[in-house]
């Protein structure tokens, strides 16, 4: 039997799919699901962003991974295959958080993790008894996971070949806006260290992207991981919290193990804003010291911010820019907090009658879907683009990277110039990924 696995793209404002020649980095979901597939099935992978879906293909099943921003495109793809009588199964965070909605557009859905249900689903397909919902009765212990089948990907579709590796799942924190604690129940698990190291050894490319939601949530495990990576001569990127540099030994091991970039969800330079989304583990008073520690170790960093939070006032945009220039941040991404279905933030806003838009997928670029506490939706959207355009202006780039030249110049300047071009055209830099 033949299976097509699809990663959908997002939609433009007119409802047409957003297409580019290449993405910057590859994802892990499709190759990993392919690895879970029994050998008596033939598997094809397609990244809808930079490749064409063969809607006339002779497939026995189409599997689509769905996030909130790709859901409507996923539904478009599904409709075309189902019209031909080809069954479609959907999985991913959006299908897990909005199962009733997803099931309206698919013959079956996978809720939560796939390890315990993917092969039974395929056997049901063979027997002609596909069920509507497949959900494991327990979380996986993350032991003996198969290595993703990256050989099935078209490598020419990705600008930077950083091979994704996962060491853990979940996050111990419960921020209101985040889907991770909802999907994983607030449970943080990690893989056996030896299995991670063997997977890294097997990857021919020495550049890695750790796709963990919070790479350093268990600091002792992270230390052991970084120590094991030192003799492997790899370069890696990952996501961790702003608080990671509090542990000097952990930071030293990260630098020695080949860390060349970390992405950090600061979210806001307003403590009131952070408290409003239950991200009290982030303390604004410590941000400059934490980022200074990264700079001392020569670790390149990018920062994520959310606008529209309760507790923030209209000066949040200027405050954010002032902070970023003071710490000479090499890269930053700005977004409007998205109250995704299934999150605590969405539930609260709906209860308060503050939701004004429900279909973010139809909008190109950051959209304010609700009524903020101290600003209008339009003020948030305007402020976001003004912040982007100011941060990625020639003046700001020069001030952050060139006056005086710093260790981030070679790594940051190309992307800063590309993002300068993008934001002038109101293209969200996140879209490059």
When you go through 54, 69 one by one, which is the residue that is in the same structural domain as residue 129 (by TED's automatic domain parsing) and modelled with pLDDT of 95 or more?
-> 54
Right, residue 214: within 17 Å of residue 258 (Cβ to Cβ) and either outside any loop (DSSP other than H, G, I, E, B) or free of Cβ contacts under 8 Å to residues at least 60 places away in the same chain (or both) or not?
-> no
Would you call residue 171 assigned to a loop (DSSP other than H, G, I, E, B), farther than 21 Å from residue 293 by Cα and either in contact with a helix residue (DSSP H, G or I) (Cβ under 8 Å, 6 or more places away or on another chain) or modelled with pLDDT of 95 or more (or both)?
-> yes
Hey, does segment 235-247 have a residue that's on the phi < 0 side of the Ramachandran plot, crowded, with 18+ Cβ neighbours inside 10 Å and assigned to a helix (DSSP H, G or I)?
-> yes
May I ask you to verify whether residue 400 is touching a residue at least 24 places away in the same chain (Cβ under 8 Å), at positive phi and either in a helix (DSSP H, G or I) or surrounded by fewer than 17 Cβ atoms within 10 Å (Cβ to Cβ) (or both)?
-> no
Taking segment 72-84 as the region of interest, how many residues are outside any loop (DSSP other than H, G, I, E, B) and either surrounded by fewer than 18 Cβ atoms within 10 Å (Cβ to Cβ) or not assigned by TED's automatic domain parsing to the domain that holds residue 34 (or both)?
-> 5
In segment 124-151, how many residues are farther than 18 Å from residue 210 by Cβ, surrounded by 15 or more Cβ atoms within 10 Å (Cβ to Cβ) and in contact with a strand residue (DSSP E or B) (Cβ under 6 Å, 6 or more places away or on another chain)?
-> 3
Looking only at segment 90-98, decide whether some residue is part of a loop (DSSP other than H, G, I, E, B) and at negative phi.
-> yes
Considering only segment 270-290, state which residues are crowded, with 21+ Cβ neighbours inside 10 Å and in contact with a helix residue (DSSP H, G or I) (Cβ under 8 Å, 6 or more places away or on another chain).
-> 273, 274, 277, 282, 290
Can we say residue 295 is over 25 Å from residue 186 (Cα atoms) and assigned by TED's automatic domain parsing to the domain that holds residue 338?
-> yes
At pLDDT 95 or above, touching a strand residue (DSSP E or B) at 6+ places or on another chain (Cβ under 9 Å) and outside any helix (DSSP H, G or I): does that describe residue 339?
-> no
List, please: which pairs have Cβ atoms under 6 Å, are six or more places apart or on different chains, and start with a residue in segment 129-155 that is part of a helix (DSSP H, G or I) and end with one that is modelled with pLDDT of 95 or more?
-> 150/31; 152/34; 152/45
For segment 186-198, does any single residue satisfy the condition of being in a loop (DSSP other than H, G, I, E, B), free of Cβ contacts under 8 Å to residues at least 12 places away in the same chain and either buried (at least 18 other Cβ atoms within 10 Å of the Cβ) or at negative phi (or both)?
-> no
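One line per residue, one yes/no per condition, for (1) assigned to a loop (DSSP other than H, G, I, E, B); (2) over 23 Å from the mean Cα position of the chain (by Cα); (3) more than 24 Å from residue 315 (Cβ to Cβ); (4) at pLDDT 95 or above:
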position	(1), (2), (3), (4)
357	yes, no, yes, no
364	yes, no, yes, no
368	yes, no, no, no
372	yes, yes, no, yes
375	yes, yes, no, yes
379	no, yes, no, yes
384	no, no, no, yes
388	no, no, no, yes
396	no, yes, no, yes
Qualifying residues in segment 93-123 (those that are touching a strand residue (DSSP E or B) at 6+ places or on another chain (Cβ under 7 Å) and within 18 Å of residue 180 (Cβ to Cβ)) - the one surrounded by the most Cβ atoms within 10 Å (Cβ to Cβ) = 95
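For segment 226-240, state whether one or more residues are more than 18 Å from residue 301 (Cβ to Cβ) and touching a strand residue (DSSP E or B) at 6+ places or on another chain (Cβ under 9 Å). Step through it out loud before you land on a result.
Applying the first criterion (more than 18 Å from residue 301 (Cβ to Cβ)) to segment 226-240 yields 227-234.
Filter once more, so that each one left must be touching a strand residue (DSSP E or B) at 6+ places or on another chain (Cβ under 9 Å): 229, 234.
So far as segment 226-240 goes, yes, one or more of its residues are more than 18 Å from residue 301 (Cβ to Cβ) and touching a strand residue (DSSP E or B) at 6+ places or on another chain (Cβ under 9 Å).
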Can you tell me which residues in segment 256-268 are surrounded by fewer than 20 Cβ atoms within 10 Å (Cβ to Cβ), without any contact (Cβ under 8 Å) to a residue 60 or more places away in the chain and in contact with a helix residue (DSSP H, G or I) (Cβ under 9 Å, 6 or more places away or on another chain)?
-> 256, 258
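Let's see how each residue does on (1) without any contact (Cβ under 8 Å) to a residue 12 or more places away in the chain; (2) more than 21 Å from residue 429 (Cα to Cα); (3) in a loop (DSSP other than H, G, I, E, B); (4) under 26 Å from the mean Cα position of the chain (by Cα):
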residue	(1), (2), (3), (4)
40	no, yes, yes, no
49	no, no, yes, yes
64	no, yes, no, yes
86	no, yes, yes, no
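The values are calculated or read from the model by the stated rules, or taken from the named source; none is laboratory data. Not measured: the values here are computed from a predicted model. When we count neighbours, we look across all protein chains shown, and the Cβ atoms used for this are built from the backbone with ideal geometry, even at glycine.
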